[in-house]
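Colleague: Let me give you the structure first, and then I'll get to my questions.
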Amino acid sequence: MKRYEFLRNFTYGLAAFSILPSMTYFKSGNGLNPNPGNSINESFNPDLDIELTAAQRNLQVFTGNKTGVYSYVSDILKAENATVENLPGSWLGPVFRVKQGQKVRVRFKNQLPSESVIHWHGLHIPPEMDGHPMYAVDGGEQYVYEFEVNNRPGTYWFHPHPDKITGPQVYRGLAGMFIVEDDENNLPSGQYDVPLIIQDRIFDDNNQLVYMQNNPMSQMQGFLGNRIVVNGNPENNLEVSKATYRFRVLNGSNSRIYKMAWSDGSDEIVIGSDGGLLPHPVRIPYLMFAPGERAEIWKDFSTSDTGKDVHLQSLSFNDGSSMGMGGGMMGGSGPANGTAFDICKFTVTSESGERKSLPSAFQTIRPIRESEAVNAASPRQFRFYNQRMQWVINGETFGMKEVADWEKVKLNTTEIWEFINGDNGQGMGMMQDMMEMPHPVHLHGLQFQIVDRDVSGMSSDSWNTIKDGFVDDGWQDTFLLMPGMKVKIALRFKDFTGIFVYHCHNLEHEDMGMMRNYEVVK
Ligand code: C2O
Ligand code: CU
Ligand code: CU
């Protein structure tokens with residue numbers, strides 16, 4: 001496969017926000033759900049209390065025309081031992097840094113022309129606070145999130161989650177990071193602890209973002225851009241000191257899967273996954289990295305030569321899809337998943353900084369044994385496939401409050417769930433076999449462990465190009481389910497009853513309905 005040129009020579013001025021006339025009226029709730037989120041709870045005493053407004057902005061990204069984006073803008077009302085930082089000049093953000101056990105209140109104000117809701121991806125919080133599409137509020141309305149940070153220290157994130165329009169809202173700029181800090185003294189910190197949010201986009205000649213153009217085939221496949229933006233900035237050149245870094249990498253792309261590797265031939269040293277630090281650092285030649293996933297990467301530039309460039313790249317791979325089409329073929333769409341390109345460039349400056357040595361282990365993670373599960377003998381099965389031009393889960397699409405019997409679980413139980421890509425369970429029908437694609441599977445409300453990844457049904461042409469890129473020994477909330485793959489996860493339902501979604505994190509698939517509810521009952 002030929003190398004695709006992502007980086008064109010754009011110049012751009014100093015980025016600045018210009019604020020469009022905003023809506024000033026506020027109603028509360030969306031009528032459907034009169035109680036949660038309506039107003040602040042006076043007895044809840046937050047460590048962090050902020051107003052977060054989603055609005056349209058015109059941002060000076062390039063020289064010439066400003067780019068119309070959506071952005072979250074924060075206003076800090078109270079912050080004790082917690083921070084909320086903007087990413088300068090970016091449409092993305094902000095970046096929260098909080099501690100386990102802290103209480104957070106976010107007064108979300110929707111000033112978008114469409115309904116929205118914020119989902120706290122990876123957090124273990126009550127269903128009314130989790131950003132289920134049923135809690136979306138219209139433009140001009142607000143929703144108050146109040147929750148305690150229960151999660152392990154780690155890299156979580158947040159983004160909109162309204163039914164059918166999550167893809168376009170994230171695409172236009174709405175996403176930020178939610179870091180739960182640890183007190184590991186041996187890890188790079190401060191300026192050496194760096195978020196890297198990777199996305200792909202298309203800009204037109206007027207510097208405007210281009211989305212799906214209502215092309216049903218692109219919708220089927222998902223949006224693929226033709227240039228990479230890192231932290232909401234199309235100039236992907238980052239300067240680093242001669243120091244050791246902890247990169248908190250988030251794949252914030254709608255559909256693009258990266259096979260991440262360093263251009264200097266060094267291994268990817270993965271120290272954390274979705275749900276925090278791994279028990280041990282893992283060295284792999286490349287990391288398969290699907291939309292929604294996070295990875296903490298250790299990188300030592302301390303002995304690099306000044307002026308030297310090190311590229312973070314995406315290597316070529318076979319994504320196993322059988323769509324009868326390639327990504328590059330379609331109008332307004334970027335190169336297919338699996339095409340090689342550079343993600344960003346790190347230039348090493350002459351400044352020397354902190355050098356750390358890689359710890360050999362972190363906190364142990366007790367593996368959940370299959371025998372602890374109430375259904376170990378017959379795990380629930382979730383089949384992700386295509387049925388008559390529609391992506392489905394066990395033959396079904398999303399219904400706002402719909403929960404099938406096979407989606408009800410009991411509080412305080414452990415289960416094994418098995419996810420299967422491409423097999424409808426009724427024998428290989430012609431129609432289903434024609435369309436297969438990778439699906440990044442994500443569950444709300446909890447972190448789980450991967451107990452088995454069965455690749456016997458995969459094409460070896462695909463598997464051989466990705467086989468060294470999986471890290472399955474930490475806590476996760478999202479995983480890549482390749483065509484023909486079967487993945488078993490172990491999950492425990494605790495603390496909260498109610499309805500949470502699970503879905504494909506290819507946002508176009510999600511918007512098409514490749515999403516369902518599961519309900520935790522007493
Ligand atoms: Cu990050 Cu339901 O998603
Ligand atoms: Cu989520
Ligand atoms: Cu999908």
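Colleague: Considering segment 493-513 alone, what residues qualify as being within 11 Å of H439 (Cβ to Cβ) and away from ligand 2 (no atom under 14 Å from the Cβ)?
Modeller: Correct list: H509 only.
Colleague: Also, I was wondering about something else. Hey, does segment 169-185 have a residue that's in contact (Cβ under 8 Å) with a residue 24 or more places away in the chain, open to solvent by less than 10 Å² (accessible area, probe 1.4 Å) and farther than 30 Å from W298 by Cβ?
Modeller: Yes.
Colleague: Scan segment 199-217 residue by residue and report those that are open to solvent by less than 20 Å² (accessible area, probe 1.4 Å), touching a residue at least 40 places away in the same chain (Cβ under 8 Å) and within 20 Å of the chain's Cα centre (by Cα).
Modeller: Going residue by residue through segment 199-217, those that are open to solvent by less than 20 Å² (accessible area, probe 1.4 Å) are 199-203, 207, 212.
This time we only want the ones that are touching a residue at least 40 places away in the same chain (Cβ under 8 Å), so: 199-200, 202-203, 207, 212.
Selection gives Q199, D200, I202, M212.
Colleague: Quick check, is V240 touching a Cys at 6+ places or on another chain (Cβ under 7 Å) and modelled with pLDDT of 95 or more?
Modeller: Criteria not met by V240.
Colleague: If E519 passes every condition in (1) within 15 Å of ligand 2 (Cβ to nearest atom); (2) over 30 Å from S333 (Cα atoms) but one, which one does it miss?
Modeller: (1)
Colleague: Can you pull out the residues in segment 334-373 that are among the small types (G, A, S) and more than 30 Å from F493 (Cβ to Cβ)? If you could, list the steps in order and put the result at the bottom.
Modeller: Restricting attention to segment 334-373, the residues satisfying the condition of being among the small types (G, A, S) are 334, 336, 338, 340, 350, 352-353, 357, 360-361, 371, 373.
Those that are among the small types (G, A, S) and more than 30 Å from F493 (Cβ to Cβ): G334, A336, G338, A340, S350, S352, G353, S357, S360.
The values are calculated or read from the model by the stated rules, or taken from the named source; none is laboratory data. Quantities reported herein were computed from a predicted structural model and do not represent experimental measurements. Cβ sites come from the backbone with ideal geometry, for glycine too, and all protein chains shown count toward neighbours. All accessible areas refer to the heavy atoms of the entire protein, side chains included, with ligands and DNA or RNA removed. Shrake-Rupley method; radii C 1.70, N 1.55, O 1.52, S 1.80 Å.
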